[in-house]
Amino acid sequence: MSSLARPTHGRMIGGVCAALARRFGTSATTMRVIFLLSCLLPGPQFLLYIALWILLPSEKKATAW
């Protein structure tokens, strides 16, 4: 498994789904569909996405460490 960082290529909005897809070895499209389906359920999905967008480092910043 790779480290959890938002990629600079292949991301649509914030790169959160692309980062999670890389981490768990699935495609970014699959992760985006899972996220969209989870939005049909009650819960704080959008808040979690925004929090991960803020907390996950960008790939450039993650490799600088």
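The table that follows gives values for the structure above.
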quantity: Angle in degrees between helix 45-55 and the longest Cα principal axis of the chain, rounded to the nearest 10; calculated: 10
quantity: Crossing angle, helix 28-38 versus the chain [Cα axis fit, 0-90 degrees, rounded to tens]; calculated: 40
quantity: Rounded to whole Å, sorted largest first: equivalent-ellipsoid semi-axes of the chain, Cα gyration tensor; calculated: 21, 13, 9
quantity: Difference of contour (0.36 nm per residue) and Cα-Cα distance, residue 54 to residue 39; calculated: 3.5 nm
quantity: Spin-label model distance (nm) - residue 29 vs residue 4, 7 Å beyond Cα toward Cβ; calculated: 2.6
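Laboratory data are not the source of any read-out in this text; all were calculated from the coordinates shown. Here the structure is a predicted model, which is why all the values come from computation and not from measurement. Note that we place each Cβ from the backbone using ideal geometry, even for glycine, and neighbour counts take in every protein chain shown.
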